[in-house]
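Here is the structure we will look at, set down as structure tokens.
The values are calculated or read from the model by the stated rules, or taken from the named source; none is laboratory data. Remember, it's a predicted structure, so these values are computed and weren't measured experimentally. Here the Cβ positions follow ideal geometry from the backbone for every residue, glycine too, while neighbour counts run over all protein chains shown. Areas reflect the complete protein model, heavy atoms only, side chains present, ligands, DNA and RNA absent. Shrake-Rupley method; radii C 1.70, N 1.55, O 1.52, S 1.80 Å.
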Amino acid sequence: NSDNQAAILDSWFSMNDVVMGGSSTGALVAGDNKDQNVDGSNSDDDTHHEPKSFCAFKGVLSSAGNGGFASIRSKEISTNLGDFEGLELGVVKGDNRVYKLSIVGPASEFGVVYQADFHAPVTESGKE
């Protein structure tokens, strides 16, 4: 529901290259919560169907001014992932670049960072 979506959006903040003089932008934004075809239409045709989008990271990268990164970070979340074997990203689409997902452990783990690269392919329609 929209209250849950607003609470999740509120728990994330942007950390972009502007901290180093860059001009990239990025933020977690509300999804449309609509089923869509990859071309953006909402027809009943299930061909190339994509699932609903709850939230999405959207941004623009610029290498100007020592830039080149856009990110979001969550406020501290007390979630124990010890019983899980991994994480799965939903539908990932973008600009055909490789991105990085980082998860930082609690301070008691001396700031251990778990990282994985993933590819964000362009959709069939060329939309990001």
In region 65-80, the residues that are surrounded by 12 or more Cβ atoms within 10 Å (Cβ to Cβ) and not in a strand (DSSP E or B): GLY65, GLY67, GLY68, PHE69, ALA70, SER71
Matching residues in region 77-103 - criterion: being within 16 Å of the chain's Cα centre (by Cα) and of a type in the set (Val, Ile, Thr): VAL91, VAL92, VAL98, ILE103
Tabulated pairs, region 74-86, first free of Cβ contacts under 8 Å to residues at least 40 places away in the same chain, second open to solvent by 100 Å² or more (accessible area, probe 1.4 Å) and in a loop (DSSP other than H, G, I, E, B), C-beta under 8 angstrom, 6+ apart or interchain: LEU81/LEU87
Filter result (at pLDDT 75 or above, in a loop (DSSP other than H, G, I, E, B) and within 26 Å of GLY22 (Cβ to Cβ)) within region 93-117: LYS93, GLY94, ASP95, ASN96
